[in-house]
1. Only one of these is free of Cβ contacts under 8 Å to residues at least 60 places away in the same chain, of a type outside the set (A, V, I, L, M, F, W, C) and not in a loop (DSSP other than H, G, I, E, B): 449, 438. Name it.
2. What's the number of the only condition in (1) more than 20 Å from the chain's Cα centre (by Cα); (2) part of a helix (DSSP H, G or I) that residue 444 fails to meet?
3. Residues that are out of contact with any Lys or Arg (no Cβ under 9 Å at 6 or more places or on another chain) and of a type in the set (Lys, Arg), at least 3 per element: which helices (runs of 4 or more DSSP H) completely within segment 203-319 meet that?
4. Between residues in segment 22-38 that are in contact (Cβ under 8 Å) with a residue 24 or more places away in the chain and residues that are in a strand (DSSP E or B) and among the aromatic types (Phe, Trp, Tyr), which pairs lie under 7 Å by C-beta distance while being six or more apart or on different chains?
5. Does residue 350 satisfy being free of Cβ contacts under 8 Å to residues at least 60 places away in the same chain, among the aromatic types (Phe, Trp, Tyr) and open to solvent by less than 40 Å² (accessible area, probe 1.4 Å)?
6. So if I check each of 247, 199, 267, 253, which one is out of contact with any Ser or Thr (no Cβ under 8 Å at 6 or more places or on another chain) and under 21 Å from residue 311 (Cβ atoms)?
7. Can you report the number of residues in segment 439-481 which are open to solvent by less than 70 Å² (accessible area, probe 1.4 Å) and under 29 Å from residue 188 (Cβ atoms)?
8. So if I check each of 486, 436, 412, 404, which one is open to solvent by 10 Å² or more (accessible area, probe 1.4 Å) and either modelled with pLDDT of 95 or more or over 22 Å from the mean Cα position of the chain (by Cα) (or both)?
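The values are calculated or read from the model by the stated rules, or taken from the named source; none is laboratory data. Bear in mind the structure is a predicted one, so any value in this text is a computation, not a measurement. Here the Cβ is made from the backbone with ideal geometry for all residues, glycine too, and neighbour counts use every protein chain on show. Keep in mind that these areas ignore ligands, DNA and RNA; they rest on the heavy atoms of the full protein, side chains included. Shrake-Rupley method; radii C 1.70, N 1.55, O 1.52, S 1.80 Å.
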Amino acid sequence: MSAQSETVGRVQVVTSQGAVEGTVAHGVERFLGVPYAAPPFGARRFAPPRPVEPWAGVRDATRYGATAPQSPYPGALAALLPTVTVPGDDVLHVNVFTPADRGTDLLPVIVWVHGGSLAHGSNALAGYDGTRFAQDGVVFVGVNYRLGAEGFSVLDGAPRNLGLADQLAALRWVQDEVAAFGGDPRRVTLAGQSAGGNTVSAILAHPSAPDLVARAIVQSGPLSAQPAARAGRITRAMGKDLGVPMTRAGFATVLPEALVGSQDRVTAGSTPITGGPGFALVLDDDLVPREPHEALTAGAGSTIPLLIGATTEEYRLWFVPTGLLSRFRWWHLAVARRKVGISARAVRLFRRNRPGASAGELLGALATDVLLRVPLQQVADSRRSADAETFVYEFAWRSPVQDLGAAHAVELGFVFDGLATPDSTALAGPEAPQSLATAMHGAWVAFATSGDPGWQRWDETRPVRVFDGEGDPVVLAPRDDERAALDAR
C-alpha cells in the first residue's frame, strides 16, 4: 500500500487536562488544536493567559483549532502569504506531530512560532505541517498565539506583550505535557521565523529561558523591541479611528473583528522595511525589560545553543510584488541612509559591489543588513566571547516566482521539507530543488537532535552555511566588507 493510500486511524493521548484523540497516518500521529490556555475572550480579554479547565471524556483533536482574529495580507502579498480562518474563541492551542512508532526513549522536540508581523498567521497553515519533522524522529509542536490588537496593543490597565506571554505559557505546557506525546522536555528547541524569530529572541533573553528551552533557532527575526510610546503608535491610531480610549476597558468594548478592521485601516501602506504603524514587542519590566539585541549581546541566553540566520534578499518580499522596487529613486536612498545613520562610504561600497543595481535594490540590500544580517552577526560575535555555541546560516537560493529571489519567507518550504504544499509553491514555484530542502531540513533536525547542524560553530573566521542549492557551502566571512562598514556606523 502506498503512503498516499494509507488508511487514517485514530489514537488517544492523556494529558493533565484530559484525554485527546488525534489521527495517525504515514507513520505520524497528529493532535490538532490541543489547548494550552483558556480562551482569551470575555472576562479574559486583554489579560494574561489563564489555565485550561480540565475536561471530561475525550477531546477531539482531529481538526485545526480556531485561528486568532486577523485579516488576509493586503494587495499582492495575499497571493504569496496565505491566510487560514477557523472560527472560534479557543485560539490558544498547539498542534502536535509525533512519530507513531517512537519506542521507549523520549525524542527531541521543536516548538515552532509562526511569523506574520505579529498580526497574521496561524499554526493551521499548510506550510507549518510538522509531518516531515515527525517522520525524522522529532516531536513537532506548532503554537497559536494572540495577534494584532488582541496580543500586542499598548493599553492602560492591560499587560504588555500578551502574545509573547501566550508563547511562554505554551512552552510551560510543553514542559508539563510533551512527554505524553513522546517528547523530551529537556531537549526542546524553540524556533521561529520573522515575527516568530523576534519573539524567540525575546524568550531566549528572558531569565526563564534555560528552564524552558534547550536550544533556539531564529530565522529572519528582528532582534528588536520598542519603548511603549513608539510601539503604542498603532494603538493610538486605532483608538482615534474607533473613537475609544487607549485603555483595556475602552478596547474591550470593540468586537475583535472590528479591531482587525481598524488595524487594517491604520496600517495601510506600512511594511517592515519601509516603516509605518505596526505591532511590535514592547519594552516592559516583566517580559521584555531590554531589547533582545541588547540583552543577547550582553550575554543573556549564552548557555543555550543558537542557530540564527537570514535570507540574502529579505527586502524583495515587500519591494517586488508591490511594485515599490521600481518606484524608489536615488533621493529616496539618500534620505533613508541619513535617517538611519548609514555613511555615504557604505552606500558607495554596496553600489560598487552590485554593478547595475537600481536605487531600490541598493536600498533593500542596506535595509536587509541593517535590520537583520548585521544585528544577528553582532549577537554571534558577542556569544563567541562567552564561548556560547552559535551557528550562522544564510538562505541564498533565488526563487523565480515574480522575481522574488532569496526573499523573506522563501526558505520556509525548505526548512519544513514541504515543497509540494501550496504555501511553498506560492513562494518558491513548482520546481524548487528537493536537494536543498533535504539539506536544510536535515540541518534543522540535526540541530534539534544533537545541537550540531553539520557545520562549524561561529568563531573568528565567521563561518556561514550558505544554502544556495548549488552545494550549500560554508563560506568564511561573506560580504564582510559591507558588514564592517555598517557595523561601524
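1. Being free of Cβ contacts under 8 Å to residues at least 60 places away in the same chain, of a type outside the set (A, V, I, L, M, F, W, C) and not in a loop (DSSP other than H, G, I, E, B) holds for just one of 449, 438, which is 438.
2. Failing condition for residue 444: (1).
3. Helices (runs of 4 or more DSSP H) meeting the threshold: 233-242.
4. Listed by first residue and then by second, the contacts come to 22/31; 28/97; 30/97.
5. Judged against the criteria, residue 350 is not a match.
6. 199
7. Residues in segment 439-481 being open to solvent by less than 70 Å² (accessible area, probe 1.4 Å) and under 29 Å from residue 188 (Cβ atoms): 25 in total.
8. On inspection, the qualifying residue turns out to be 412.
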